[in-house]
1. Has region 36-51 got at least one residue that is touching a Lys or Arg at 6+ places or on another chain (Cβ under 8 Å), at pLDDT 85 or above and at negative phi?
2. R61 passes all but one of (1) of a type outside the set (A, V, I, L, M); (2) modelled with pLDDT of 85 or more; (3) surrounded by 10 or more Cβ atoms within 10 Å (Cβ to Cβ); which number fails?
3. Return yes when I56 is closer than 26 Å to R10 by Cα, surrounded by fewer than 13 Cβ atoms within 10 Å (Cβ to Cβ) and free of Cβ contacts under 8 Å to residues at least 24 places away in the same chain and no when it is not.
4. What number of residues in region 17-65 are assigned to a helix (DSSP H, G or I), hydrophobic (A, V, I, L, M, F, W, C) and within 19 Å of R5 (Cβ to Cβ)?
5. Name the residue that is farthest from R61 (Cα to Cα), counting only residues in region 40-51 that are surrounded by 12 or more Cβ atoms within 10 Å (Cβ to Cβ) and free of Cβ contacts under 8 Å to residues at least 12 places away in the same chain.
Amino acid sequence: MLPARIRALRRVGVPYPEGFEDQAAAALAAQAGTVVTNLKVGSVPAEPDREIIALIAYLQRLGTDIKGAPESTAPKLAAE
């Protein structure tokens, strides 16, 4: 199901690299493992296949996948 979702998102403009759908499950498992490990440090037991782990991983990555700021589409002022 995940590969089909990634292909659909790519069609609507999400910049997933070609072939990422083949690596996505492993990437998600690695992220979940990292979150679970970090929670264990704080004495919070968790399983990697829980929805809350996916939410935490999402929030941790929010904004970090951006490689560069997009160019502004706002008109430049005369003073600029």
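The values are calculated or read from the model by the stated rules, or taken from the named source; none is laboratory data. Note that the structure is predicted; figures quoted are calculated from it, not measured. Here Cβ is always computed from backbone atoms with ideal geometry, including for glycine, and neighbour counts include all displayed protein chains.
1. yes
2. For R61, the exception is condition (2).
3. no
4. 13
5. That would be A46.
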